[in-house]
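What follows is one structure encoded as structure tokens, with my remarks underneath.
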Amino acid sequence: MKQLTEFKNLVELVVHFKSKVDCLNYLKSALWNCCEKPSACPHCGNTKKIYAYNDKHTFRCFECDKKFNVLTNTIFENTKVSLVKWFAAIWMCSSYKRGVSSVQLAKEIGVTQKTAWFMLQRLRIMFSNLAPEALEGTMCVDETYIGGKQKNKHYNKRTKGQQGRGSSEKINVFGIMETDGKVKSKAVPDVKRETLVPIIEQYAPFGSKIMSDEWFAYRGLKENYIHDVCDHGAYQYVSDTGATTNPIENYWSHVKRAVIGTYFHVSKKHINRYLAEFDYKFNTRKQTDAERFELTIANAHGRLKYSQLISNPNA
Ligand SMILES: [Zn+2]
């Protein structure tokens, strides 16, 4: 079997994964580390007696007496969409830097827009589960707005060339980024000190060096961190001591261009899933598209909060 890391584009992937069985076999090796039986029942965890049906893809656990296959407890569970289409969707969603909209995905793989929306939301929930739990080294922090009217924004938060465009719903977003490393971003109700500092404390160990702009919410960080400020108010983009928030500001520009260019509008309700998608792609930017595809598939298991999915494909 061709090593997946050799695939260079979507066409090569689709040519290789022609059938459901091709996909099932690949999922078994990616999720079960084998091509035959799983090591444990996904329902009860029993590792002993597992019976394989003649089709080689259906199993029954002697302990809990439930049937399962490699799709059980994964993002593919109970899906009516073929695995071939899912694989193509995963490639597109994880390799297109600016993302893929449900309208575009629907057209490319031949499903309804509503179905495409649910597929993308399942993938984004998985990306959320892969978000870093802690960051390390020197970090920069910054807050921004997504959506909202340009004229209401602080001068250094405006996005060039977007005057009068975008939605009027302003979403506050906060991010923390390692120098040349990972990022974690999320929507916040406001950009006050009591909102932002606990997030910094969640991700950055005390004693880390944190770089920020002069926003007053960051004052007081020096109590627990080495806090270095670059003063945008004084048109300073790198301070005398080397403090800069340029990396995270560049990231915001990318996210905003993607949201406006690909999705046109993202609601407050769903913004964190989109941010998880962009964070995931940023955090795996040094990998090839094929490596990122493999990583995504290998994490297709786990409990997903389907109940959180809102059945509004236009949201
Ligand atoms: Zn069982």
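The values are calculated or read from the model by the stated rules, or taken from the named source; none is laboratory data. Quantities reported herein were computed from a predicted structural model and do not represent experimental measurements. No Cβ is skipped: glycine too gets one built from the backbone with ideal geometry, and neighbour counts run over all protein chains shown. For the accessible areas, the whole protein counts, side chains as well, though only heavy atoms, and no ligand, DNA or RNA atoms are used. Shrake-Rupley method; radii C 1.70, N 1.55, O 1.52, S 1.80 Å.
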For segment 276-292 and segment 168-229, compute the distance between their C-alpha centroids and round to whole Å.
-> 23
Listed peptides 289-296, 79-86, 270-277 by packing density, highest first (mean Cβ within 10 Å) = 270-277, 289-296, 79-86
Tell me, how many Å apart are the Cα centres for segment 59-88 and for segment 90-145?
-> 22
For segment 69-76, take each phi angle, set θ = phi - 60°, evaluate the Karplus expression 6.51 cos²θ - 1.76 cosθ + 1.60, and give the result in whole Hz per residue in order, putting x for glycine and proline.
-> 9, 5, 8, 4, 6, 10, 5, 8
What does the accessible area of Asp65 come to, in Å² to the nearest 10, when a probe of 1.4 Å is used?
-> 100
Quick one: compute the contact order of segment 45-124, relative version, from alpha carbon pairs under 8 angstrom and 6+ residues apart, as a percent.
-> 17
Grab the Cα-Cα distance for Arg193 and His57, subtract it from 0.36 nm times how many residues apart they are, and report the gain in nm with one decimal.
-> 43.6 nm
Run the numbers on the chain and let me know its relative contact order in percent, using alpha-carbon pairs under 8 Å that are six or more apart.
-> 22
Jot down the per residue volume, in cubic angstrom and as a whole number, of the convex hull over the alpha-carbon atoms of the chain.
-> 156
Note, segment 56-65: 3J(HN,Hα) by Karplus (6.51, -1.76, 1.60, θ = phi - 60°), whole Hz, Gly/Pro = x, goes 6, 10, 10, 10, 10, 8, 6, 6, 9, 6
